[in-house]
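Bear in mind these aren't lab numbers, they're just calculated from the coordinates by the rules spelled out. All figures in this text were calculated on a predicted structure; none of them were measured in a lab. Neighbour counts are summed over all protein chains in view; Cβ atoms, including those assigned to glycine, are modelled from backbone coordinates with ideal geometry.
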Amino acid sequence: MDRIAARLAEVARDGRYILGPEVSAFEREFAAYLGTDHAVGVGNGTDALTIALRAVGVQAGDEVVCPSLTFYASAESIVNAGARPVFCDVDPDTLCVTPDSVCPHLTDRTRAIVAVHLFGNVAPVADLRELGLPVVEDAAQAAGARLHGARAGALGDAATFSFFPSKNLPCLGDGGAITTSSDEVAERARSLRFHGSSDKKTHTEVGYNSRLDSLQAAVLRLLLPELDGWNRRRRAAALAYAEAGMAEFAQLPVTTTGAEHVYHLYVVRSAEPDRLQEALSGAGVQARGYYRTPVHRQPAMSAFAGGELPVTDAAARTLLALPMGPELADEQVESVVVAAAGARAPA
């Protein structure tokens, strides 16, 4: 924290708080880390996805296919871009979208696909791009993840990140970014984040006021070099869960073939998640259900709800997030597994 406080003081003395050299430097460094040509800092991850969709060509009235098993903002951003979310199911093992889950929902009005890298896993973006539509990665939970060696955020036509304080790469408040290797997408994203203007004088379209500020960029520049180490410790904690026998009490996460999961959340599946959560809580272990009400069943999305999504509904009933983080020690993991044993039904 001393390093962060000192860096914030430097930025405060400099007096350039919106965009400016700190943001430009972070954009270059983050793009280099991911292997993209561009990163565009914005106010938060939700704005990032809304702007990215418009930047890849989504217009009012278009359809965008996205999973329902995700955080609400994945679909909210589609509506905010003027389009219609079309909810699709997910792979029953990885819980990510695949061509098989997306294809039944494609129409002549589909203009893009949102591929959510759920919980730090990675969706098969290359396979999705073969469908011939722009793919926008929702990588809010997957900073640092890889698929076949390439970073999440460098796989699709564009990608979006959140730097909310609980994320794998955090800042001290709200922050987000759009990444792409398309000059055209990056240029439009930069214009849209600043009221649809590239020169502060001429406004070519209605955009947003959504800019990453210099204080947050300075923090992100300090923390980016730590990200891979933090993610290694998250993977070590996930391995510790497996080695301690958590599979005896719940179904463990399944990683996409070729992916390097970063376990933003360690989410297991249980036929009796409430019993498991109660046993853990009784032992002082915090656990919580995740996405128990999928997005297509949220009241505000009722106008967009379509057909049945049986895999999504079945998974949502079972999901439980266990403690996870780079500081989680093997002994703490073992105590969670011991506590989970208390969820066994009496003989």
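Using Cα pairs under 8 angstrom and six or more residues apart, how large is the relative contact order of the stretch 1-115, in percent?
22
Rounded, prolate or oblate: pick one for the chain, where a ≥ b ≥ c are the square roots of the eigenvalues of its C-alpha gyration tensor, a/c under 1.5 means rounded, and failing that, prolate if a/b is larger than b/c, else oblate.
It comes out oblate by the Cα gyration axes.
Cut-off 10 angstrom, C-alpha nodes, Gaussian network model of the chain. Which of 82, 43, 120 fluctuates the most?
Maximum fluctuation in the GNM of the chain, among the listed residues, is at 82.
Pop the C-beta distance of residue 24 and residue 130 into the FRET formula with R0 = 30 Å and round what comes out to the nearest 0.05.
Computed FRET efficiency for residue 24 and residue 130: 0.30.
What relative contact order, as a whole-number percentage, does the chain give when Cα pairs under 8 Å and 6 or more residues apart are counted?
Averaging sequence separation for qualifying contacts and normalising by length gives 20 percent for the chain.
What's the angle, to the nearest 10 degrees (0 to 90), between helix 330-340's Cα axis and the longest principal axis of the chain?
That helix lies at roughly 60 degrees to the long axis.
With r defined as the distance between the Cβ atoms of residue 275 and residue 181 and R0 fixed at 45 Å, what FRET efficiency is calculated, to the nearest 0.05?
Between residue 275 and residue 181 the formula returns 0.40.
If each residue's Cβ is checked for other Cβ atoms within 10 Å, how do 200, 167 rank with the fewest at the top?
By the 10 Å Cβ count, ascending: 200, 167.
Modelled label-to-label distance, residue 150 and residue 292, 7 Å Cα→beta-carbon offset: nm?
3.9
Starting from the coordinates of the alpha-carbon atoms of the stretch 249-298, obtain the Kirkwood hydrodynamic radius over all distinct pairs and give the value in Å to one decimal.
Here the Kirkwood hydrodynamic radius works out to 12.8 Å.
Classify the stretch 191-338 as rounded, prolate or oblate, taking a ≥ b ≥ c as the square roots of the eigenvalues of its Cα gyration tensor: rounded when a/c is under 1.5, otherwise prolate if a/b is larger than b/c and oblate if not.
Oblate shape, in that a/c is at least 1.5 and b/c is the bigger or equal ratio.
Cut-off is 10 Å between beta-carbons; in what order do 182, 214, 198 appear when sorted fewest neighbours first?
Fewest to most other Cβ atoms nearby, the residues stand as 198, 182, 214.
How large is the helix-only mean residue ellipticity at 222 nm for the chain, computed as the sum of -39500 (n - 2.57) over DSSP H runs with n ≥ 4, divided by its residue count, in deg cm²/dmol to the nearest 500?
-10500 deg cm²/dmol
Provide the gained length on full extension for the span residue 166 to residue 103, in nm with one decimal, where the gain is 0.36 nm per separating residue minus the Cα-Cα distance.
19.4 nm
Sort 290, 241 by Cβ crowding within 10 Å, fewest neighbours at the top.
290, 241
Can you tell me the FRET efficiency between residue 300 and residue 239 if r is taken as the Cβ-Cβ distance and R0 is 41 Å, rounded to the nearest 0.05?
E between residue 300 and residue 239, to the nearest 0.05, is 0.60.
Would you mind calculating the gained length between residue 202 and residue 60 on full extension (0.36 nm times residue separation, minus the Cα-Cα distance), in nm to one decimal?
Result for the pair: 48.9 nm of gain on full extension.
Taking 7 Å along the Cα-to-C-beta vector as the label spot, tell me the residue 209-residue 5 distance in nanometres, rounded to one decimal.
Here the modelled spin labels are 3.2 nm apart.
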